[in-house]
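Enquirer: Got a structure here, written out as structure tokens. Questions coming.
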Amino acid sequence: MFEKTGIASREMVMEKFPPVERINKGPVAVVECYQKIPCNPCQTACPVGAIKIGEDINNIPVRDENLCGGCGVCVARCPGLAIMIVDGSKSAETVEFRIPYEFLPLPEAGETVIGLDRAGQPICKALVRRVMNPPSFDRTPVVTLEVDRKYLYDFRNFRREA
Amino acid sequence: MKEVELLVIGSGPAGLCAAISAASSGANVLILERSFRPGGQLIKQTHMFFGSESQYASHRGVDIAGILLKKIEEYGDRIEIMLNATAVGFYEDNVVTVLKDETKYFKVKARSVICATGAYEKFLAFPNNDLPGIYGAGAVQTLMNVYGVRPGDRVLMVGAGNIGVIVSYQLMQAGIEVVAVLDAAPRIGAYLVHASKLARMGVPILTSHTVKEAIGTDCLEAAIVCEVDDRFRPIPGTEKRYDVDVMCISVGLSPLNELLAMRGVAMKYVPQLSGTVPMRTESCETNIPGIFVAGDASGIEEASSAMAEGYLAGLCAAAKLGYEPADFAQRRQEYLDQLANLRSGPVGDRIRAGMKISQL
């Protein structure tokens, strides 16, 4: 189905997530790269060598959840915008996502937005915590959002209220 | 008649890299560019490129054009770029005829030529496909990203290859609604990360669908689409209507290389490379010594491969002219390795097969 719709299945998504215990310890990257394509900026971007692709540039990146500190440098560098940071260390009820968002106008911290799943369907409310857009991100802003934990494997995007 | 050592036709990713590479070896280069601005299709590409650091991956196409043009400037005494200059003929004595500013016609005689003329867009046959509002994807990108003009308000994208999904995303960034992306193939042709970007914004991607007809009197008002079976035959009763003022056709590219055919270069139809392409050696040289090809003109691929081919062709063309750098063998191998790496995965299967057929 993924090859027909571009929408990853729950099983595919869960395979890319580290265990919840790891997410609860602090921020970590989830690399949703499912297809062998010639691309490796995530490996080059990672300052601690936590993302490995190897000799063949077509390999699917593998993220070491113990090395990855969730710094998020890779998020704005992935040409496919396929990486996000999840952090479950701040609250028992919610989880924080850092996702790339290349649309104007940007949301503002404190704003409530509509959380969307991988099919673009509204699933929840999300609270914008922070919007980062430094020159080093090269016009791919990264938005931090707080979302109810039950949407951990569903939340992937957002849109502002009309 | 103007005489030059190396003539590079086209200033897209392949042409610019070829010129940089040849000039860095010491060759004197003239680049012909038919547009008023150098950079080819790079200047329309606002998304980050794939590939590796050697091909400026993670940089946006338009910025890569800037990086390459800066390098060209460093060799300012050896590279001349002539804009608004279209190569229109290529003759046996290596004379290329050029139409400059649409008014002046003159000849350039080159000792060596690299053809980096790129590609042209394919189109789709359906009733009323000539209505205003029906564009090629390249035109939509030019309007939006070069001139800052909205092509319309509601768009149906036809073609789910990389260009189709990337342009759809760019349309949405410009605040334009994309109602759906359709493709006759049963699977999405684009890199799936690009498709997922669209999917999570709620844009449906409809595989096994085609356009049945366009509706409108003075301009496009609606599109009728339908499903197709596994042999691409329309399935009656599956018609759907989309009220749109823009239909964007993105059904693939064909290599643009008639100049080489005119010169007498051996050509071959290679479906894996999306059309008729020149036969060439591993070093991008055709069967006529001193005539090289690089980029989409030699087969449709990604810009990353076009750049690596450009560097390779420029290095080898300069060496043939007597400008062989001390590290020639090492650099040549480096570019060949880059190309092999870019083409090594499953998406490179077709390219590798095509390269085999077109190799001298």
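Enquirer: Hey, got the dipole for region A:1-77? About the Cα centre, +1 on K and R Cβ, -1 on D and E Cβ, debye to the nearest 20?
Expert: Charge dipole of region A:1-77: 180 debye, to the nearest 20.
Enquirer: Share of antiparallel DSSP beta bridges in region B:123-249, in percent to the nearest 5?
Expert: Taking every DSSP beta bridge within region B:123-249, about 40 percent pair in antiparallel fashion.
Enquirer: Which of the listed residues, B:G40, B:Y91, B:Y105, is farthest toward the dipole's positive end in the protein assembly as shown, when Lys, Arg count +1 and Asp, Glu count -1 at the beta-carbon?
Expert: B:G40
Enquirer: Once Lys and Arg get +1 and Asp and Glu get -1 on their Cβ, which of B:G189, B:A139, B:L124 lies farthest toward the positive end of the dipole of region B:123-249?
Expert: Looking along the dipole axis, the top candidate is B:G189.
Enquirer: For region B:269-337, what is the largest minus smallest coordinate of the Cα atoms on each principal axis, given in angstrom and ordered from greatest to least?
Expert: Principal-axis extents of the Cα atoms in region B:269-337, largest first: 38, 26, 13 Å.
Enquirer: Enumerate the lysines that B:K212 could reach by cross-link, defined here as Cα to Cα under 16 Å, with residues fewer than 8 away along the same chain left out.
Expert: Result set, ordered by chain and number: B:K240.
Enquirer: Now, a different point. If neighbour count is taken as other Cβ atoms inside 10 Å, put B:V225, B:V8, A:V48 in order from fewest to most.
Expert: Lowest count first: A:V48, B:V225, B:V8.
Enquirer: Given N residues in chain B, what is its alpha carbon radius of gyration divided by 2.2 N^0.38 Å?
Expert: 1.02
Enquirer: Just how large is the dipole of the protein assembly as shown about the Cα centre, in debye to the nearest 20, putting +1 at every Lys and Arg Cβ and -1 at every Asp and Glu Cβ?
Expert: Approximately 280 debye in magnitude.
Enquirer: Listed here are the pairs B:K109/B:K320; B:K70/B:K107; A:K25/B:K197; which of them are more than 19 Å apart at the Cα?
Expert: In this structure, B:K70/B:K107; A:K25/B:K197 lie more than 19 Å apart at Cα.
Enquirer: When the Debye formula is applied to the Cα atoms of the protein assembly as shown, each taken as the same point scatterer, what base-10 log of I(q)/I(0) results at q = 0.11 Å⁻¹?
Expert: Here log10 of I(q) over I(0) equals -0.99.
Enquirer: Give a residue-ordered list of calculated ³J(HN,Hα) values for region B:226-231 (Karplus: 6.51 cos²θ - 1.76 cosθ + 1.60, θ = phi - 60°; whole Hz; x for Gly, Pro).
Expert: Going residue by residue, I get 8, 7, 10, 7, 5, 10 Hz, with x marking Gly and Pro.
Enquirer: Please give the calculated 222 nm ellipticity per residue for the protein assembly as shown, where each DSSP H segment of at least 4 residues contributes -39500 (n - 2.57) and the sum is spread over every residue; nearest 500 deg cm²/dmol?
Expert: -7000 deg cm²/dmol
Enquirer: Moving on to the next point. On the Cα set of region A:1-65, report Rg and Dmax in Å, please.
Expert: Answer for region A:1-65, Rg first and Dmax second: 12.9, 36 Å.
Enquirer: While we're here: Rounded to the nearest 20 Debye, what is the dipole magnitude of region B:123-249 about its Cα centre when Lys and Arg each give +1 and Asp and Glu each give -1 at the C-beta?
Expert: Dipole about the Cα centre, nearest 20: 440 debye.
Enquirer: Another question, if that's okay. Using alpha carbons only, how many angstrom separate the centre of region B:262-287 from the centre of region A:81-109?
Expert: 49 Å
Enquirer: If one computes P(r) from the Cα atoms of region B:123-249, what percent of pairs lie at distances over 18 Å?
Expert: 48 percent
Enquirer: Ok, one more. Test of understanding: ordering A:M12, A:M1 by Cβ neighbours within 10 Å, fewest first, what list do you get?
Expert: So the residues, fewest neighbours to most, are A:M1, A:M12.
Enquirer: Okay, moving on. In whole Hz and in residue order, list the ³J(HN,Hα) couplings for region A:20-36 that follow from phi through the Karplus curve 6.51 cos²θ - 1.76 cosθ + 1.60, θ = phi - 60°; x for Gly and Pro.
Expert: Going residue by residue, I get 4, 4, 5, 4, 6, 7, x, x, 8, 7, 10, 9, 8, 10, 10, 10, 6 Hz, with x marking Gly and Pro.
Enquirer: Non-local amide H neighbours of B:G189 (under 5 Å, H modeled in plane, Pro and chain starts lacking H): which ones?
Expert: It is B:A160, B:G161, by chain and number.
Enquirer: Show me the helices of chain B, taken as full DSSP H stretches, that run 24 Å or more along their long axis by Cα and average -1.0 or above in Kyte-Doolittle hydropathy.
Expert: B:303-320
Enquirer: Can you list the aspartates and glutamates whose alpha carbon is less than 13 Å from that of A:K52, not counting same-chain residues fewer than 8 positions off?
Expert: List returned: A:D64, A:E65.
Enquirer: Shifting gears a bit: How big is the Rg/Rh ratio for chain A, C-alpha atoms only, Rh by Kirkwood, two decimals?
Expert: Ratio of gyration radius to Kirkwood radius for chain A: 0.94.
A short reminder: the numbers here are calculations on the coordinates, not readings from a lab. Given the structure is predicted, the values throughout are model-derived calculations rather than measurements. With ideal geometry, Cβ positions are generated from the backbone for all residues, glycine too; neighbour counts draw on all protein chains shown.
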